[in-house]
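J.: Okay, here's the structure, questions in a sec.
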Amino acid sequence: MQGVKNYINEHQQRFLNELFDLLRIPSVSANPDFKDDVFEAAEFLKTRLEEAGADHVEICPTDGYPIVYGEKIIDPSLPTVLVYGHYDVQPADPYDLWHSPPFEPTIKNEKIYARGSADDKGQMYMHVKAFEFMMRSNQLPCNVKFMIEGEEEVGSGNLGPFCIANKDRLKADIVLISDTSMIANEVPSIDVGLRGLSYIEVEVTGPNRDLHSGVYGGGVANPINILAKMIASMHDENNHITIPGFYDDVIELSASERAAMNEAPFNLDEYKDDLGVKEVWGEKGFTTIERTGIRPTLDVNGIWGGYTGEGSKTVLPSKAFAKISMRLVPNQSSDKITSLFKNHFEKIAPPSVKVVVKPHHGGEPVVTPTDHPAYLAAADAMETTFGKKPIPTRGGGSIPIVALFEKELGLKSVLMGFGLDSDALHSPNEHYGLFNFYKGIETIPYFFENFAARMKKS
Ligand code: BES
Ligand code: MN
Ligand code: MN
C-alpha cells in the first residue's frame, strides 16, 4: 500500500475535522429525544461515503433507524469485503461526570474525548478514510460494501430482517468490523470471540400503593428488600450463578486452551489501579481474563424504586425494578437463558410479592476462526503497521449481529478493533487515541491488500 502514511500525514487534520463533525451529532439510539440526530448522522455518513468514492450509496429505511449502505465493485470476479459498523451511540448520561461536553469533541493528552469516539464512530470512520485513500491512490484491490447501522446500541433489532431481505446485495466473502479493543497500543490483539447477551427487566410489586413505612413497616413485604434478596441469591459463595441449568450448555475450554489464553499480557495490579478497586471479584477457579472472556455472568445494570429525592421520605414502596443482563458464552442460547431466568425468578419470589419479567433484546455468542484467510490477512496487516504479531483474544462485550451474519448470510467476521478497554466505552469521558485512529486508517488498506492476495491463492 504505497503512500498510505504520507496520505494520512497530508490529510490528518481534515480526517479529524470530519470525525469531529460526526461526533457532534448526538445520535443516541436509546432515547427518542435524539431521533432527528440519529437520522442526521445517517445523512452525514451517506455524503462522506459518496465523497470517498462509494457507489449506490443509500439510506435504507427500516422500522427503526436506517442502515447506510454503499459499495465499490471494481470487478465482480474479485473477492468482496463487507464492512460493518454503527453510527449510533450510547446515552451520555450522567452528563455532570464528563470533564468536557460529550458532544463537543475535545483533544486532551492525544485522545479524542466524546461519546462515540471509540464506540463506534471513530473506529467506523477509519474505514471510510482508508477506503478514500485506496480510491484516490488507485489501490483498491477488491470489492467493498459498507453497511453501517444506527441501532447497534439497542440490539440491532432491524438489521437481521434487513440482511435476510438483502441477501444478494450483501453477498461477500467476509465481514470486517472495527468495534472491539486491543490489549494495548504496544500489544496489538484481535478478538476471536464475543459474548452473547440476555437482557431482562424485572418488576416486583408488594402492596397496591406506597405506604407509611412506620404505620405498615414490618407488616408488609417491602418489594425493594425482596428484590435485593432475590438478586443476591443469584450468586453463591463461589460467585457461581445459581439459576438451575445456567451452565448446562457452556463449552469448557481445555487446560491447554486456558493456559494459552492466560499467556496474554495482563497486569492485575494495573487493572485494579485503573479501576480503583482493592481486589477483583469473580467466579472461583477462573482468572480475570477467563472471567471476562469465556465465562457467563449475571449483572444488575440498574435498580430503582421508592424515594431517591432530596432529604428523606419515610415510605414503604409499592414497587421495585431492576434491569439485569447476562453475558453468554458458546454454546449458550439467549432465548434458553432468558427463559431459565424467568422461571427461576418467578419461582424464588415469595408469595408476599408479585413479579413480572420482561425480556429485552438478546444476542448469541460467537467465536471467529483464526485459520480463515481474512483473520490471517488482518493479523499480517497489524504486524506490518504495529511491528508485532497480534494476539488472538476473547472479547467480553457483545455484537449480537455477528452471529446473525453467520446464520443468515453464511459470513464469518474479522474483529479488527483498534480501541482499548480503558477507552471508557458507555461511560463518562469516553475517548479514543489519535494514535489508534490513524493507526487504524493505516492498517485497513493492508488488510484489503493481504485479503485479496490470500483469496487469489486459495
Ligand atoms: N462495541 C461494543 C461491543 C464491544 C466492545 C465488544 C468492546 C468487545 C469489546 C458494542 O457497541 C456494544 O456495546 N454492544 C453491547 C450490546 C448491545 C446489544 C447493546 C454490549 O456489549 O453491551
Ligand atoms: Mn460498538
Ligand atoms: Mn457499545
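J.: Quick check for you: with a 1.4 Å probe and neighbouring chains kept, what is the accessible area per residue of segment 1-149, in Å²? Mind showing how you got there, number by number?
T.: Values: 6120 Å² over 149 residues.
Value returned for segment 1-149: 41 Å² of accessible area per residue.
J.: If you don't mind, there's one more thing I want to ask. Going by accessible area, probe 1.4 Å, with all protein chains left in place, what is the ranking of Tyr438, Tyr307, Tyr125, largest first? The partial results should precede the final answer.
T.: Details: Tyr438 35, Tyr307 100, Tyr125 0 Å².
Correct descending sequence by accessible area is Tyr307, Tyr438, Tyr125.
J.: For segment 108-171, report the translational diffusion coefficient in µm²/s to the nearest whole number, using Stokes-Einstein at 25 °C, 0.890 mPa s, and a Kirkwood Rh over Cα pairs. Provide the component values of the computation, followed by the final result.
T.: Values: Rh = 14.3 Å.
It diffuses with D of about 171 µm²/s by this estimate.
J.: Let me ask something else about it. Can you list residues whose amide H is under 5 Å from Met182's amide H, if they're 5+ apart or on another chain and H is modeled 1.01 Å from N?
T.: Under 5 Å from the amide H of Met182: Gly419, Leu420, Asp421.
J.: Rounded to whole Å, give me the distance from the Cα center of segment 376-435 to that of segment 296-338.
T.: 29 Å
J.: May I pose another question? Which semi-axes, in whole Å and largest first, does the equivalent ellipsoid of segment 1-83 have when worked out from the alpha carbon gyration tensor as the square roots of 5 times its eigenvalues?
T.: Calculated on Cα positions only, the semi-axes equal 27, 20, 9 Å.
J.: Now for a separate question. Relative to the first principal axis of the alpha-carbon coordinates of the chain, what is the inclination of helix 223-232, with its axis defined by its Cα atoms, in degrees from 0 to 90 and to the nearest 10?
T.: Rounded to the nearest ten degrees, it is 60.
J.: Output ³J(HN,Hα) for segment 393-410: one whole-Hz value per residue in order, computed from phi by the Karplus curve 6.51 cos²θ - 1.76 cosθ + 1.60 with θ = phi - 60°, and x for Gly and Pro.
T.: 9, 9, x, x, x, 10, 10, x, 6, 4, 5, 5, 4, 5, 5, 8, 10, x
J.: With a 1.4 Å probe and every protein chain kept in, tell me what percent of the accessible surface of segment 1-147 is carbon plus sulfur.
T.: That share works out to 46 percent.
J.: How many lysine pairs are close in segment 1-150, with Cα atoms under 16 Å apart and the two 8 or more places apart or on different chains?
T.: 10
J.: If contacts are Cα pairs under 8 angstrom and at least 6 residues apart, what is the relative contact order of the chain in percent?
T.: That works out to 25 percent.
J.: First compute the accessible area of segment 227-304 with a 1.4 Å probe, then give the percent of it belonging to carbon and sulfur atoms. It would help to have the intermediate numbers written out before the result.
T.: Numbers: 2480 of 4720 Å².
Here it works out to 52 percent.
J.: Something else now. If one puts a single equal scatterer on every Cα of segment 134-191 and applies the Debye formula without solvent, what log₁₀ I(q)/I(0) results at q = 0.19, 0.21 Å⁻¹?
T.: -0.97, -1.03
J.: What is the pair-distance distribution P(r) of the chain, computed from all Cα-Cα distances in 10 Å bins starting at 0, with each bin given as a whole percent?
T.: Going out from 0 Å in 10 Å bins, the chain shows 4, 19, 29, 26, 14, 6, 2, 0 percent.
J.: Please give the helix 373-386 orientation as an angle from the longest Cα principal axis of the chain, in degrees from 0 to 90, rounded to the nearest 10.
T.: 80 degrees
J.: Label-point separation (nm) for Ser100 and Val220, each offset 7 Å from Cα along Cα-to-Cβ?
T.: Between Ser100 and Val220, the label points sit 5.2 nm apart.
J.: Okay, moving on. Can you sort Tyr7, Tyr216 by solvent-accessible area, 1.4 Å probe, largest first?
T.: Tyr216, Tyr7
J.: Using only Cα atoms, tell me the angle between helix 35-52 and the longest principal axis of the chain; keep it within 0 to 90° and round to the nearest 10.
T.: The angle comes out at about 20 degrees.
J.: Then there is this: What do you get when you divide the Cα radius of gyration of segment 1-152 by 2.2 N^0.38 Å, with N the number of residues?
T.: 1.08
J.: While we're here: How many percent of the accessible area of segment 396-458 is carbon or sulfur, using a 1.4 Å probe?
T.: That fraction is 53 percent.
The values are calculated or read from the model by the stated rules, or taken from the named source; none is laboratory data. The shown structure was predicted, so the numbers you read here are calculated from the model rather than taken from an experiment. Counting neighbours? That spans all protein chains shown, and the Cβs are built from the backbone with ideal geometry, glycine included. Only protein heavy atoms, including side chains, enter the accessible area calculation; ligands, DNA and RNA are left aside. Shrake-Rupley method; radii C 1.70, N 1.55, O 1.52, S 1.80 Å.
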